[in-house]
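**Q** One structure coming up, written as structure tokens, with questions to follow.
The values are calculated or read from the model by the stated rules, or taken from the named source; none is laboratory data. Values in this document were obtained by computation on a predicted structure and should not be read as measured data. Quick reminder, even Gly has a Cβ in these numbers, built from the backbone with ideal geometry, and neighbours come from all protein chains shown. The accessibility values were calculated without ligands, DNA or RNA, using every heavy atom of the protein model including side chains. Shrake-Rupley method; radii C 1.70, N 1.55, O 1.52, S 1.80 Å.
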Amino acid sequence: MEQIINVGIIGCGGIAQGKHLPSLANLDYVNVVAFCDIIPEKAQALAEQYGTANAQVYEDYHEVLKREDIQVIHVCTPNDAHAEIAIAAMEAGKHVMSEKPMAKKAADARTMLETAKATGKKLTVGYNNRYRPDSLMLKQLCERGDLGEVYHAKAHAVRRRAVPTWGVFLDGDKQGGGPLIDIGTHALDLTLWMLNNYEVHSVTGSVYHKLSQTPNAANAWGPWDPEKFKVEDSAFGFITMKNGATISIDASWALNVRQPDEAKCTLCGTKAGADMNDGLHINGEDLGNLYVKEVQLGGSGVAFYSSDHDEKPEFMEMRLWMEAIINDTEPVVTPEQALVVSEILEAIYTSAETGQTVYF
């Protein structure tokens, strides 16, 4: 690439460290020149590791947005700051990638979309599970019509005991919710994308706080503090689309199930079905017999062969995002799609609180 893109990172926590910065560092035409965090030591450490020689560290994101040499802003903050920063960045003439979910509130996500349209700036959301080999393969099968009409789907975001105990994950004010808005958002995005259906009719939801008060609980990151656990431990939703298709979603950080299942979907169509359990499987009927096909992804059948699928999903996500900016094309994850995800998540919470179905 002849064009050099300068990026500013706002929020230097785990998602910036684990996904954004390693992926951006893989692109030789991208320079990360600004690192902003309310804890300047975190920003400084990342600037030394990933920044250019003249990279600057900031505590106030407004100072980053004043820089005319920055074309792109990545928002990697807690959920409640996504909209505020993204809107200000686009109004300052920057393209924006916001981490998921698009915003804490659907109304704020809608304002983000309106701002993108008004400013002409590109806006995308970090739904990186679309770029996995199994996701890309299943999407192609759906587009080709191999499953027929997909009229029911399930979005899986279930952990048995994996409650994040660091940061603000358990803070409802900062995050807007628990596992539903945290990991359920990935599974829902993946499912809607497979169906290519964003026309919602109604949403019914249930939210539970059944295990959050368990003291000394078994957990992947050590016991959680029941006093700090202010969000749901599990949530479930049922979505009816305008064409009659239905989607169910299960989301949990702690749930008494034997088998966890996260960032996956199950599809049921008129010609065949598909699931992502222990690999990608297609099931159907042929000549009066049932079959299950397991898709072999990548170049595992040929020694020393490297396939296109060897690119890490997060690397592909960043590459395609930057190419959309350079080529002035639509990003893979559009703000219109991400908005619908946020609207559904909020509707599940609203339905659970009111006991009523939410109609769109």
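**Q** Name, by its number, the condition in (1) open to solvent by less than 60 Å² (accessible area, probe 1.4 Å); (2) part of a helix (DSSP H, G or I); (3) more than 28 Å from ASN327 (Cβ to Cβ) that does not hold for THR115.
**A** (3) is the only condition that THR115 fails.
**Q** Hey, can you tell me all the residues within the range 235-246 that are more than 18 Å from the chain's Cα centre (by Cα) and crowded, with 24+ Cβ neighbours inside 10 Å?
**A** ILE239 - this is the single residue of the range 235-246 that is more than 18 Å from the chain's Cα centre (by Cα) and crowded, with 24+ Cβ neighbours inside 10 Å.
**Q** How many residues are assigned to a strand (DSSP E or B), touching a Gly at 6+ places or on another chain (Cβ under 9 Å) and more than 18 Å from ILE39 (Cβ to Cβ) when one looks only at the range 57-110? Spell out how you get there, then give the answer.
**A** Going through the range 57-110, the residues assigned to a strand (DSSP E or B) turn out to be 57-58, 72-75, 95-98.
Those left that are additionally touching a Gly at 6+ places or on another chain (Cβ under 9 Å): 57-58, 72-75, 97-98.
Within this subset, residues satisfying the condition of being more than 18 Å from ILE39 (Cβ to Cβ) are 72-73, 97-98.
Summing the residues that are assigned to a strand (DSSP E or B), touching a Gly at 6+ places or on another chain (Cβ under 9 Å) and more than 18 Å from ILE39 (Cβ to Cβ) in the range 57-110 gives 4.
**Q** Cβ-Cβ under 7 Å, sequence separation 6+ or interchain: first residue in the range 276-300 and without any contact (Cβ under 8 Å) to a residue 40 or more places away in the chain, partner open to solvent by 100 Å² or more (accessible area, probe 1.4 Å) and of a type in the set (A, V, I, L, M). Which pairs?
**A** Close Cβ pairs (under 7 Å, with a partner that is open to solvent by 100 Å² or more (accessible area, probe 1.4 Å) and of a type in the set (A, V, I, L, M)) amount to HIS281/VAL292; ASN283/VAL292.
**Q** Now for a separate question. For residues that are in contact (Cβ under 8 Å) with a residue 24 or more places away in the chain and more than 16 Å from VAL257 (Cβ to Cβ), scanning just the range 213-222, find the one that is most open to solvent (accessible area, probe 1.4 Å).
**A** The extreme case among them is TRP221.
**Q** Taking only pairs six or more apart or across chains, which ones have beta-carbon atoms under 9 Å, a first residue in the range 317-342 that is touching a residue at least 24 places away in the same chain (Cβ under 8 Å) and over 17 Å from SER23 (Cα atoms), and a second residue that is loosely packed, with under 14 Cβ neighbours inside 10 Å and of a type in the set (Lys, Arg)?
**A** Short answer, once both residue conditions are applied: PRO335/LYS117.
**Q** Tell me, please, whether a residue that is within 20 Å of ASP328 (Cβ to Cβ), open to solvent by 30 Å² or more (accessible area, probe 1.4 Å) and not aliphatic (A, V, I, L, M) can be found in the range 72-90.
**A** Filtering the range 72-90 for residues within 20 Å of ASP328 (Cβ to Cβ) gives 72-74, 86, 89-90.
When the remaining residues are screened for being open to solvent by 30 Å² or more (accessible area, probe 1.4 Å), the result is none.
Within the range 72-90 (the criterion being within 20 Å of ASP328 (Cβ to Cβ), open to solvent by 30 Å² or more (accessible area, probe 1.4 Å) and not aliphatic (A, V, I, L, M)), the answer is no, since none of the residues qualifies.
**Q** List the number of the failed condition for TRP224; all other conditions in (1) in a helix (DSSP H, G or I); (2) within 26 Å of THR77 (Cβ to Cβ) hold.
**A** (1)
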